[in-house]
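The values are calculated or read from the model by the stated rules, or taken from the named source; none is laboratory data. Keep in mind that what you see is a predicted model, and the values were worked out from it rather than measured. Positions of Cβ are backbone-derived with ideal geometry, glycine not excepted, and every protein chain shown enters the neighbour counts. Ligands, DNA and RNA are excluded from the accessible area calculation, which covers all protein heavy atoms including side chains. Shrake-Rupley method; radii C 1.70, N 1.55, O 1.52, S 1.80 Å.
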Amino acid sequence: METLAPHTEQAFKAIRARLTAEERTRVDIASVEAVDPAVAAAPHWNFDLPAHAADRALGEDATDAMRRGLVATWALELPGRARQAALPGEVMELYPYWMEKMAGFLTAAADTNAAYDADHWAKDVRMAVVLSVPGALTQTIDLSSPMGPGQVVRNGRDGHGWSQLVHYARAQGWKKPWLEVHTEARQLADFNEAGWDRAWATAAAICKTRPELAGMIGSSWFYDPPLETISPRLAYLRLNPLKGGAFIIHQGPAPIHTERAGASSPTRKALIDSGEYTPASWLVAWPKSTLIPWAEQRKVAMEMMAAA
């Protein structure tokens, strides 16, 4: 992506044009002052820290219109940042779709003066500053996330197995950063097996260009093993990475996992309400030593299918 599509560029400029001259000045200043703190905060386990840096730069009295203006300002600069990050083609080819979706979201929110949801704000800041990048049409990938040894040790201590510690040690997971995958709930076109396989393959492409990485991680209730029988259509989310060489770490139950697990399935909701099922979060970790060969085999298989 050398440049933004003309209609996408115009949409971002229109978001800025809605601001007053004073607001645009503040946004322009923040667009410079917030970048370095956001970049410095990005590798921390707290996903929201770059957005906090943006809020500090905008000031306590910043409006959601100014937040949208800041994201639009950074989005207009994104092609240059993406080139500077030397991202692989698997990422770059996804940007037109993601930028069009971002422009549409900002425009719709501006038209209705909708509140900027905190999770959406955090994700948009990271995407616009190239701290997170597209992985597929639904998945985003953080370029640097930690995976400390404590949760790996707890996993074994709590009876969920010690083999994960061996895999973690081989990946040098305590001293190397990991990519981390997230789901973008505003656009679920790729929340399916093919979409998730594409996201893992995109991660492999990034790992090939960044030898300092350990692999990619992702944590969610939908990696919970009981879902293989409760919601078998979701089993691929856990099984495909495991078959390819990933390992999983138990993180445990929490109200947020219960809420999310029951939100989209009456069956899961009924089991949760009856006490028959308590959702738990698990972390999937796929070291690059097995992720890259899996992605290469997938590519060959897809090429053979296309040629058949």
Exercise. Would you please put 121-131, 247-257 in order of how densely packed they are, using the mean number of other Cβ atoms within 10 angstrom per residue and starting with the highest?
Key: 121-131, 247-257
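Using the crude model of +1 on Lys and Arg Cβ and -1 on Asp and Glu Cβ, and no other charge, please compute the dipole size for segment 29-132 relative to its Cα centre, in debye to 20.
On the way: 8 positive and 15 negative charges, 50 e Å.
Value, rounded to 20: 240 debye.
Using the 2.2 N^0.38 Å rule of thumb for compact globular proteins, work out how segment 168-308 stacks up: its C-alpha Rg over that value, please.
Working: Rg = 16.2 Å, N = 141, 2.2 N^0.38 = 14.4 Å.
Working it through for segment 168-308, the quotient is 1.12.
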Quiz item: With each pseudo-label sitting 7 Å past Cα toward Cβ, what's the residue 175-residue 289 distance in nm, one decimal?
Solution: 1.5
Practice problem: Using the structure shown, select from 13/208; 175/243; 13/123; 101/299; 123/288; 13/288 the pairs with a Cα to Cα distance greater than 29 angstrom. | Solution: 13/208; 13/288
Practice problem: Answer with one residue from 194, 183, 206: the one whose Cα lies farthest towards the positive end of the charge dipole of segment 177-217, charges on Cβ with Lys, Arg +1 and Asp, Glu -1. | Solution: 206
Quiz item: Shape of segment 1-54 from its Cα gyration tensor (a ≥ b ≥ c, root eigenvalues): rounded if a/c is under 1.5, otherwise prolate when a/b > b/c, or oblate?
Solution: oblate
Self-check item: Leading residue at positive end of dipole, the chain (Cβ point charges), from 266, 105, 75
Solution: 266
Exercise. Could you order 66, 92, 302 so the one with the most accessible surface comes first? Probe is 1.4 Å.
Key: 302, 92, 66
Quiz item: If you bin the C-alpha pair distances of the chain every 20 Å from 0, what whole percents do you get?
Solution: 31, 56, 13, 0
Exercise. Compare 152, 166, 181 in a GNM of the chain, Cα atoms joined below 10 Å, and give the one with the largest fluctuation.
Key: 166
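Quick check: convex hull over the Cα atoms of segment 1-123, volume per residue in Å³, rounded to an integer?
On the way: hull volume 13.2 nm³, N = 123.
Expressed per residue, the convex hull around the Cα atoms of segment 1-123 is 107 Å³.
For segment 1-144, what does the relative contact order come out to in percent, with C-alpha contacts under 8 Å and a separation of six or more?
Values: 160 pairs, mean separation 47.2, N = 144.
It rounds to 33 percent for segment 1-144.
Taking the Cα centre as origin and putting +1 on Lys and Arg beta-carbons and -1 on Asp and Glu beta-carbons, what dipole magnitude results for segment 210-287, to the nearest 20 debye?
Numbers: 7 positive and 6 negative charges, 46 e Å.
Using Cβ point charges on Lys, Arg, Asp and Glu, segment 210-287 gives about 220 debye.
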Quiz item: Remind me, relative contact order of segment 214-307 in percent, using alpha carbon pairs under 8 angstrom and six or more residues apart?
Solution: 41
Quiz item: Gaussian network model of the chain, Cα springs within a sub-10 Å range: biggest mean-square fluctuation belongs to which of 143, 242, 179?
Solution: 242
Quiz item: Tell me, how many Å apart are the Cα centres for segment 1-63 and for segment 178-223?
Solution: 25
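Given axes a ≥ b ≥ c from the Cα gyration tensor, I'd like to know whether segment 163-216 is rounded (a/c under 1.5), prolate (a/b larger than b/c) or oblate.
Values: a/c = 2.47, a/b = 1.93, b/c = 1.28.
Prolate, since a/c reaches 1.5 and a/b exceeds b/c.
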Quiz item: At a Förster radius of 45 Å, what calculated FRET efficiency corresponds to the Cβ-Cβ distance of residue 158 and residue 118, to the nearest 0.05?
Solution: 0.90
Quiz item: Hey, got the dipole for the chain? About the Cα centre, +1 on K and R Cβ, -1 on D and E Cβ, debye to the nearest 20?
Solution: 820
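Just need the relative contact order of the chain here, percent rounded to a whole number, with Cα pairs under 8 Å and 6+ apart. It would help to have the intermediate numbers written out before the result.
On the way: 455 pairs, mean separation 47.6, N = 308.
15 percent.
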Quiz item: In a solvent-free Debye calculation with one equal scatterer on each Cα, what is log10 I(q)/I(0) for segment 242-304 at q = 0.16, 0.23, 0.25, 0.28 Å⁻¹, listed in the order of the q values?
Solution: -0.69, -0.86, -0.93, -1.07
